[in-house]
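Heads up, the thing below is written out as structure tokens.
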Amino acid sequence: MMNELIRRAAKDAGFFAVGIARAEPVPEKARLDDWLSRDLCAAMDWMRRGPAERCDPQSLLDGARSVVCCALAYRFAAGRDYHDIVREKLRRVADAAKSGEPGARFKLCVDTSPILEKPFAVRAGIGWQGKNSVVINPNIGSFFVLGEIITDLELEPDGPVPDKCGDCRKCIDACPTGAIVSPKVIDVRRCLSYLTIEHKGPIDDKFAKIIKKGQYGCDICQNACPFNKGENYDTAR
Ligand code: B12
């Protein structure tokens, strides 16, 4: 069966989790619009382009039926640019699927494609979106990157997993700049990841003094998460 073939190929390629979502638009557009209208996206004006398209895989592959969501743990992505590494692995999975269904079409996405990767990963059961906004997998936490294969293959979708954040607010409290303004909402203007990766020009003193020399990105909110410390280890999935 194609689902099994894809699942095996993804595991063989080194992805620790793989799940399938229907290629239907996700209903996150209102939240995305709200985030954009409050200027929480800082100077990432590219995020303002095509919010409806970002929610709909059809915008990237006409006739899309399924989104295969794959997760690669950081340690396997270290060294080279993770975009290349994930794309190569997705290619291997797509090639395996193509060997079973030669007429099938595929669009590979890693980070830069105009699609909301996290909501699709949630629907595919890779994990839930934590209060720090990243996807948390019950078994390995959130230190992973995502990649997707959008395809016109009709695959059996997986269901979402329960959100296990509960009353925990460790990530919110740990952020030294208060960038998590409410659960799941990041004010990027204050996010040290944004300031050290994307921001151009001088950095406000109150943020600059917290940033370490040579810092690129920030994992403070993820380091605070019990799921990244094995404290809430869950073997269900
Ligand atoms: C823009 C971007 C950034 C920006 C903005 C971050 C952000 N949270 O959006 C910056 C540069 C700051 C950034 C930082 C990081 N990023 Co980034 N980023 C992206 C990118 C390109 C788009 C994300 C996006 O759509 N943001 C738009 C906002 C509106 O989405 P959101 O914050 O998730 O909000 C949604 C939900 O919270 C929900 N929502 C909002 N309010 C509410 C309220 C309720 C009640 C509910 C139920 C839902 C809800 O609706 C919103 C819309 O979907 C994706 C790749 C992609 N194409 O998707 C990678 C991506 C999200 N980033 C990733 C990573 C790894 C990081 C960093 C960890 C890197 C680092 N080490 O520094 C940090 C984490 C910082 C953080 N806490 O978010 C990974 C996440 C993997 C994972 N485990 O989830 C992705 C998926 C890239 C990838 N291919 O792996 N990133």
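No lab work stands behind these numbers, since they all come straight from the coordinates. Bear in mind the structure is a predicted one, so any value in this text is a computation, not a measurement. FYI the Cβ positions are ideal-geometry reconstructions off the backbone, even for glycines, and counts take in every protein chain you see.
Here are the numbers for this structure:
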read-out	value
Mean Cα-pair separation over length for the range 77-176, i.e. relative contact order, pairs under 8 Å, 6 or more apart, %	30
DSSP loop GluC sites (Glu not before Pro) with at most 15 other Cβ within 10 Å: longest gap in the chain	1-153
Principal axis dimensions, the range 2-151 - Cα atoms, whole angstrom, descending	46, 35, 27
Links that overshoot a 24 Å alpha carbon limit, given the list 118/170; 107/164; 11/131; 89/131; 11/98; 29/212	107/164; 11/131; 89/131; 29/212
Trypsin sites (Lys or Arg not before Pro) within the range 30-63: DSSP coil, no more than 12 neighbouring Cβ in 10 Å	38, 49
In the range 1-36, chymotrypsin sites (Phe, Trp or Tyr not before Pro) in a DSSP loop with at most 16 other beta-carbon atoms within 10 Å	16
Tilt relative to the chain, helix 2-13 - C-alpha long axis, 0 to 90 degrees, to 10	50
In the range 156-222, the chymotrypsin sites (Phe, Trp or Tyr not before Pro) that fall in loop regions by DSSP, at most 14 other Cβ within 10 Å	216
Neighbour-count ranking [beta-carbon atoms within 10 angstrom, fewest first] of 112, 151	112, 151
For the range 170-228, alpha-carbon Rg over 2.2 N^0.38 Å	1.09
Signed unit charges on C-beta, dipole axis of the range 8-56, positive-most listed residue 46, 32, 19	19
Free-standing Cys, the chain [no other Cys Cβ under 4.7 Å]	41, 55, 69, 70, 109, 165, 168, 175, 191, 218, 225
Cα-centre dipole for the chain with unit charges at Cβ (Lys and Arg positive, Asp and Glu negative), debye to 20	600
